[in-house]
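**Student:** Take this structure, written in structure tokens, and hold onto it; I'll ask about it next.
The values are calculated or read from the model by the stated rules, or taken from the named source; none is laboratory data. Predicted model only: the values in this text are computed from it and were never measured. Counting neighbours? That spans all protein chains shown, and the Cβs are built from the backbone with ideal geometry, glycine included. Note: areas computed on protein heavy atoms with side chains; ligands, DNA, RNA excluded. Shrake-Rupley method; radii C 1.70, N 1.55, O 1.52, S 1.80 Å.
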Protein chains: 2
Amino acid sequence: MTYQGMTTLNIALIHHPVVNKIGDVIGSAVTNLDIHDIARTARTYGISRYFISTPYEDQQQLVRELLAHWQTGHGSTYNPARKDALSMVQLTNSLDEVIDTLTKQYGKRPLVVATSALLRENSVSYQDLGQKITKGEPVLLLFGTAHGLAPEILQVTDVTLPPIKGGTNYNHLSVRSAASIIIDRLLGS
Amino acid sequence: MTYQGMTTLNIALIHHPVVNKIGDVIGSAVTNLDIHDIARTARTYGISRYFISTPYEDQQQLVRELLAHWQTGHGSTYNPARKDALSMVQLTNSLDEVIDTLTKQYGKRPLVVATSALLRENSVSYQDLGQKITKGEPVLLLFGTAHGLAPEILQVTDVTLPPIKGGTNYNHLSVRSAASIIIDRLLGS
């Protein structure tokens, strides 16, 4: 991995534990475009690392094959810009592993921030969190697949960003869209 | 179509004419997630209509089948929120047809706005365009697939939004991410 992020913001896309539409804790399948789209946005904004978190070996193998195609296979010469974006993607087993990795890297535990379609306690504004990143504070921002992060994930987060409101009562953004909007709100000019 | 948009912003995703990586004018294939993701974002922000523009009959048929699945088929009961978002999607042959439709609806030609990964003349700021929409001015915002809108499309647009900058020199956002970020910048609180 040669890419050096230009900010202290790291993101993780969690595939387990997340919840389904009735609130059961589940694991979700990896979606190709979640990896591509969010990596391209992350690369645009100088994010440090984009962790794909899944404990399932078959899903991990899919991610490895996708990354190999774009990093060393045909995709790497066909589309060097995509290789560049995907170079920041790191496969991981669990949120605990992500926090351990970043704690070693920065010499301190990062601020762990949840995103949610619901307003939760301990919320932090986009402006305040953006300023922390600008000042160089290590931050790990979590996105949930399926219908969002499970309670056990929320319990280990320090703060939560408020939900994205668009002036309607509809709150069913794709995780790809939500991640792009949130990253722009934090780091866009 | 029962959905009534809460704003005077309309968007169109153009599949022809667009350019490929070396600047040739081409037509692109419709991508399922372009329809889903951008419709969900558009619905979140109260956009009036989301036009899918392609002149190709086989591509139009794919779009019709997708919309039928979610509007009257199994998808409509499996995921009513998706039905809701996709109810604003309208299939169309060309940009001219979109402009005609909106001109009849509003009684005047909408302001036609291009998006681009390059800075162009006649640029309008996100803030100024957002204020025009808030004041009720009819606006049609265009997104290009492939490597962007063709010159003949740019020639009929009135103004262009500046490219999204993320503090790096990387400008390869997916159209799904770019549309989400731009709509949030125009209509987000």
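**Student:** For the range A:88-189, give the magnitude of the charge dipole about the Cα centre (Cβ charges: +1 Lys/Arg, -1 Asp/Glu; no others), in debye to the nearest 20.
**Tutor:** 260
**Student:** Related question: Given the C-alpha centroids of the range A:13-30 and the range B:2-61, what is the distance between them in whole angstrom?
**Tutor:** So the two Cα centres are separated by 30 Å.
**Student:** When each copy gets a label point 7 Å from Cα toward the beta-carbon at A:Gln61, what are the spacings between them in nm, shortest first?
**Tutor:** 3.7
**Student:** Would you kindly work out, in nm and rounded to one decimal, the distances from the label point of B:Asn79 to those of the same position in each other copy, ordered shortest first, with label points 7 Å along Cα-to-Cβ?
**Tutor:** 2.2
**Student:** Cut-off under 24 Å on the C-alpha distance; same-chain residues fewer than 8 positions from A:Lys135 excluded. Which lysines are left, in chain and number order?
**Tutor:** Reachable lysines: A:Lys104, A:Lys108, B:Lys165.
**Student:** Right, another one. For peptide A:181-189, compute the average count of partner chain beta-carbon atoms within 10 Å of each residue's beta-carbon.
**Tutor:** Average neighbour count from other chains, rounded to a whole number: 5.
**Student:** Would you mind giving the total buried accessible surface between chains A and B, with a 1.4 Å probe and ligands, DNA and RNA left out, rounded to the nearest 100 Å²?
**Tutor:** Heavy-atom accessible area buried at this interface is about 2900 Å².
**Student:** Now, a different point. In terms of the Cα gyration tensor, with a ≥ b ≥ c the square roots of its eigenvalues, is chain B rounded because a/c is under 1.5, prolate because a/b exceeds b/c, or oblate?
**Tutor:** Judged from the Cα gyration tensor, chain B comes out rounded (a/c under 1.5).
**Student:** Taking the alpha-carbon set of the protein assembly as shown, what are its Rg and Dmax in Å?
**Tutor:** In Å, with Rg to one decimal and Dmax whole: 20.4, 62.
**Student:** Please report, for A:Gly27, the nm distances (one decimal) from its label point, 7 Å out from Cα along the beta-carbon direction, to the equivalent points in the remaining copies, shortest first.
**Tutor:** Spelled out, the distances from A:Gly27's label point are 4.4 nm.
**Student:** Same structure again: Run the helix sum for chain A: -39,500 (n - 2.57) per DSSP H stretch of 4+ residues, divided by residue count, reported at 222 nm to the nearest 500 deg cm²/dmol.
**Tutor:** -12000 deg cm²/dmol
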